[in-house]
Every structure is written in C-alpha cells, then in structure tokens.
Amino acid sequence: MTTLFAEIGKPLAEYTPPQPSLALDPVQVLLRLVALTLVTLLICGGVIWWARRAGRVRAAAGNAAGRLKLDGQIPLDGRSTLHVIRVDGHPVVVTTDATGLRSIVTLAERFEAALEEVDERAAGFTPADPEPETQTAGVNPAARPDGAVTS
C-alpha cells in the first residue's frame, strides 16, 4: 500500500502514464459477447424451468387432500381466462386477467344439472327443415314501424 501512495507524492514531471493495453481483435470481442449472451440466456432458461417445476410440485403438495380440482378453462381473449374448478365438490367459476384474479362465483348445483340436461338434449338434437318464409296478406315487408316505406 505504501507504493500506491508513494506515486501520489511525486512531482508531475516524473509522472509516466500507464501503458495502453493491446488492441483487442474485433472477432474475439464479438465471440466473447455471443458466448456470454448464450450463457446468460441458458441461466435464465434454467431458472424459469426450475421455477415452473417447483411451482407445480408446490401446487400438487398443497392439493394432497384432493379438495381442489380444475374442471376446465376457457381463454376469453388474449389476457382473460375463465376457470371452472371444484372446491370440496362444489363448482366455482374464477375469472383472471393480466392484473390477476378478477372474480370468484360459486355455482349452484342446479346450474350443473341444467348444463347436463342441455348436453343430453344436444346429443339427441336433429335440426328440422327450415320453414319457408311466408308473407302475411296486407303487410309490406319493406315497411318500417314508423310507417315509412323503404325500397
């Protein structure tokens, strides 16, 4: 440490600037940049993989009693999703968006029965032939409710 401070006390005439380092080869600099960028991206990918895996394990461990079950999810748009889950056997609808949880709605059991009934009806449904359009006598189809006639 005394050599460091010994340089401070010298007069300016005796000062010799440090020697510049050798010029770096641009190819070596570019290769080093690419290599370090790839190493950084690999580390980031590993952290993301580990975080997702740890999150799944933690979520599975929290549901050991089987109290929560995901029945389905529907993306509403790019940022919103509707999730149907069961909590202790009761259906619950949860909506989320980019900001997080938006709403939680508990469904009644009769709603579930109504959905099953609609599914049963839809399974046996066959569309009938559409009825031909008929014009009632004395009614102009181009007439508007306010009495004006359009052409």
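Does T2 meet the test of being of a type in the set (S, T, N, Q) and modelled with pLDDT of 85 or more?
Working: of a type in the set (S, T, N, Q): yes; modelled with pLDDT of 85 or more: no.
Judged against the criteria, T2 is not a match.
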So which pairs qualify, if the first residue must be in the stretch 98-126 and in a helix (DSSP H, G or I), the second must be at pLDDT 75 or above, the Cβ gap must be under 6 Å, and the two must be at least 6 apart or on different chains?
E112/P91
Note on I8: of the conditions (1) surrounded by 10 or more Cβ atoms within 10 Å (Cβ to Cβ); (2) modelled with pLDDT under 85; (3) farther than 30 Å from T106 by Cα, unmet is (1)
Residue count, the stretch 75-100, condition at negative phi and loosely packed, with under 10 Cβ neighbours inside 10 Å, comes to 5
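The values are calculated or read from the model by the stated rules, or taken from the named source; none is laboratory data. Predicted model only: the values in this text are computed from it and were never measured. Every residue, glycine as well, gets a Cβ built from its backbone with ideal geometry; the counts of neighbours run over all protein chains shown.
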